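Here's the structure, in C-alpha cells; my notes come after.
Each reported figure results from applying straightforward, stated rules to the coordinates on display, with no laboratory input. Since this is a predicted model, take the numbers as computed values, not measurements. Glycine gets a Cβ as well: all are built from the backbone with ideal geometry, and neighbour counts include every protein chain shown.
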Amino acid sequence: MSDCIFCKIINGEIPADKLYEDDRVIAFRDIHPQAPVHFLVVPKKHIPATTEITPENSGEVAYVFEIIAKLAKQEHLDGGFRVVNNCGENAGQTVPHLHFHVLAGKVMGETIV
Ligand code: AMP
Ligand code: ZN
C-alpha cells in the first residue's frame, strides 16, 4: 500500500526506532509514547484492521504474539505489560495497517479504559 505510513516504515522509506525486524514482523517505538515503554508490533503484510483477519492471514497475527513474547523478554518487561489493538473509529484507530501497541513501565491498574 503506497500511501500507508507503516508500509513506508516496512519498506525503509521513512525511519523508525526499530526494536526488532524479520521477514514477517517489524517492531518500533511509538512516536508519541503513552507509557514509559510504548512500542508497536506490526505484521509486514498489509492487513487494514482486526476486522480483516481471516483464516488465510491469521498466522501473521499469531506470529506477532510470538514476537511480543520474545520482545517482552528482550526488553525486560518483567513487571508486566499491556497489549492494545484499536479497531475502527470509535477505538481511535488512526493508522489503517494492523498493529499491536505494547505498553509497559508503569502500573496501569485493573481498568482498561
Ligand atoms: P492507532 O491509533 O492504534 O492507529 O495507533 C497508531 C499509532 O502509531 C499512534 O500511537 C501513533 O503515535 C503511532 N505512529 C504514527 N506514525 C508513527 C511513526 N512514523 N513512527 C512511530 N509511530 C507512529
Ligand atoms: Zn500498510
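Which of the residues belonging to segment 66-113 are among the charged types (D, E, K, R) and within 22 Å of Thr51 (Cα to Cα)?
Those that are among the charged types (D, E, K, R) and within 22 Å of Thr51 (Cα to Cα): Glu66, Arg82, Glu89.
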Those residues of segment 97-113 which are within 14 Å of ligand 1 (Cβ to nearest atom) and touching a helix residue (DSSP H, G or I) at 6+ places or on another chain (Cβ under 9 Å), in sequence order: His97, Leu98, His99, Phe100, Val102
For the condition more than 11 Å from ligand 2 (Cβ to nearest atom), without any contact (Cβ under 8 Å) to a residue 12 or more places away in the chain and of a type outside the set (Val, Ile, Thr), what is the one hit in His32, His38? His32
Among (1) surrounded by 15 or more Cβ atoms within 10 Å (Cβ to Cβ); (2) closer than 26 Å to Lys106 by Cβ - the single one Lys73 does not satisfy: (1)
Say we look at segment 58-95 and pick out the residues that are in contact with a Phe, Trp or Tyr (Cβ under 9 Å, 6 or more places away or on another chain) and assigned to a loop (DSSP other than H, G, I, E, B); which of these is farthest from ligand 2 (Cβ to nearest atom)? Glu75
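Can you report the number of residues in segment 4-15 which are part of a loop (DSSP other than H, G, I, E, B) and within 9 Å of ligand 2 (Cβ to nearest atom)?
1
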So Gln34, is it under 20 Å from Ala16 (Cα atoms) and more than 14 Å from the chain's Cα centre (by Cα): no
With the requirement that a residue be touching a strand residue (DSSP E or B) at 6+ places or on another chain (Cβ under 9 Å) and polar (S, T, N, Q), what does segment 1-50 give you? Gln34
Picking from Ile67, Ile26, Ile31, which residue would you name as being out of contact with any Gly (no Cβ under 7 Å at 6 or more places or on another chain) and more than 24 Å from Met108 (Cβ to Cβ)? Ile26
Considering only segment 47-57, I want to know if a residue exists there that is among the hydroxyl-bearing types (Ser, Thr, Tyr), surrounded by 13 or more Cβ atoms within 10 Å (Cβ to Cβ) and within 16 Å of ligand 2 (Cβ to nearest atom). yes
